[in-house]
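Report on the following structure.
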Amino acid sequence: MPKSNQTASPDEEAIAKRAYELYLQRGSVSGHELDDWLEAEAELSTEASLRQATVQPVVRRRSTRSETHPPSNRRV
C-alpha cells in the first residue's frame, strides 16, 4: 500500500531502526523489545507531526488594480 505524505506516522522500517538504536544504547540488554519499539514509534511520530505542523501553505498576495493594469490615459 503506498504511503501518503499527509500522514504523521513513520514506517515500520524507520521504527525498527530507531528501536535497534535504543537497544544498543541500553547496552544490548534483551527483554525490552516492546519498550524500545513503542519509544521509537512515539519519537518518530512526534518528529513527523512537528515537521507536518511547520509546513505552511503557500498564500499568494492579492495584487492591487494598479499592479495588474497599466495606468490609463484618461483624465479625471
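The values are calculated or read from the model by the stated rules, or taken from the named source; none is laboratory data. Note that the structure is predicted; figures quoted are calculated from it, not measured. Using ideal geometry, Cβ is built from the backbone for each residue, glycine included, and neighbour counts are taken over all protein chains shown.
Close Cβ contacts (under 6 Å, 6 or more residues apart or on different chains) running from residues in segment 33-55 that are without any contact (Cβ under 8 Å) to a residue 60 or more places away in the chain and within 14 Å of A16 (Cβ to Cβ) to residues that are surrounded by 12 or more Cβ atoms within 10 Å (Cβ to Cβ) and of a type in the set (F, W, Y) comprise D36/Y23.
Residue by residue, here is whether (1) modelled with pLDDT of 95 or more; (2) among the small types (G, A, S); (3) part of a helix (DSSP H, G or I); (4) surrounded by fewer than 11 Cβ atoms within 10 Å (Cβ to Cβ) holds:
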residue: K3; (1), (2), (3), (4): no, no, no, yes
residue: Q6; (1), (2), (3), (4): no, no, no, yes
residue: E39; (1), (2), (3), (4): yes, no, yes, no
residue: A48; (1), (2), (3), (4): no, yes, yes, no
residue: A53; (1), (2), (3), (4): no, yes, yes, yes
residue: Q56; (1), (2), (3), (4): no, no, no, yes
residue: R60; (1), (2), (3), (4): no, no, no, yes
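Taken over segment 9-30, the criterion of being over 16 Å from E47 (Cα atoms) and among the β-branched types (V, I, T) is satisfied by V29 alone.
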